[in-house]
Amino acid sequence: MPHQGFPRCLRLLNAGDFSHVFEQADLKVHGKGMMALARLNTRGHPRVGLVVSKKNVKLAVDRNRFKRLVRESVRLRQDHLPSVDIVVLAKRGVQDIDNETLYRQLDGMWKRLQRDALAVATPPLLAGITRDT
């Protein structure tokens with residue numbers, strides 16, 4: 001059975017980790033009420049950080065619910081996520097989305113992130129070949 005915990009090594013912990021992603025994000029994935037920025041890492045596992053501002057999500061209970069659901073989603077999908085540092089940003093209106101819809105949004109975002117990370121990590125083989133027409 002795969003490890004299903006959420007240890008410190010799966011989290012972005014300090015401002016340097018967050019700014020590393022914000023400065024040059026390799027990937028950007030949008031969902032309803034949220035956005036994820038990601039940058040490839042060499043750690044062999046994903047790390048996630050959350051940005052939920054009071055300006056976008058007024059009530060603490062809504063901010064905490066969003067963070068809890070994102071952490072749970074990452075915890076359950078950690079073995080399927082690519083080796084990237086991810087910052088998930090909450091946008092206005094995320095508090096109006098119910099839990100089931102939020103889980104579906106996150107699942108779709110992780111699938112797109114996995115697909116896009118594979119494309120970024122392995123550039124197309126035909127990129128250097130020119131066509132003579």
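Bear in mind that the values in this text are calculations on the coordinates, not laboratory data. Keep in mind that this is a model prediction, so the values were computed, not measured. Counting neighbours? That spans all protein chains shown, and the Cβs are built from the backbone with ideal geometry, glycine included.
Descriptive notes on the structure:
- For residue 19, neighbours were defined as the other residues whose beta-carbon sits under 12 Å from its Cβ, and their charges (Lys and Arg +1, Asp and Glu -1) total -2.
- DSSP-defined antiparallel bridges as percent of all bridges, the chain, nearest 5: 65 percent
- Values [x] 154; [y] 93; [z] 105 are given for comparison; volume of the Cα convex hull per residue in Å³, derived from the coordinates here, is the one labelled [x].
- Theoretical ellipticity at 222 nm over the chain - DSSP helices of four or more residues, -39500 (n - 2.57) apiece, nearest 500: -12500 deg cm²/dmol
- Note on residue 92/residue 71: beta-carbon distance plugged into 1/(1 + (r/R0)^6) with R0 of 22 Å gives a FRET efficiency of 0.55.
- Neighbours of residue 41, meaning other residues whose beta-carbon lies under 14 angstrom from its beta-carbon, give a summed charge of 0 when Lys and Arg score +1 and Asp and Glu score -1.
- Close Lys pairs in region 8-121, defined as Cα atoms under 23 Å apart and 8 or more places apart or on different chains, number 20.
- 0 to 90° range, to nearest 10: angle between helix 60-77 axis and the chain longest Cα axis: 40 degrees
- Residue 61 sits among other residues whose Cβ lies under 12 Å from its own Cβ, and their net charge, with Lys and Arg +1 and Asp and Glu -1, is +4.
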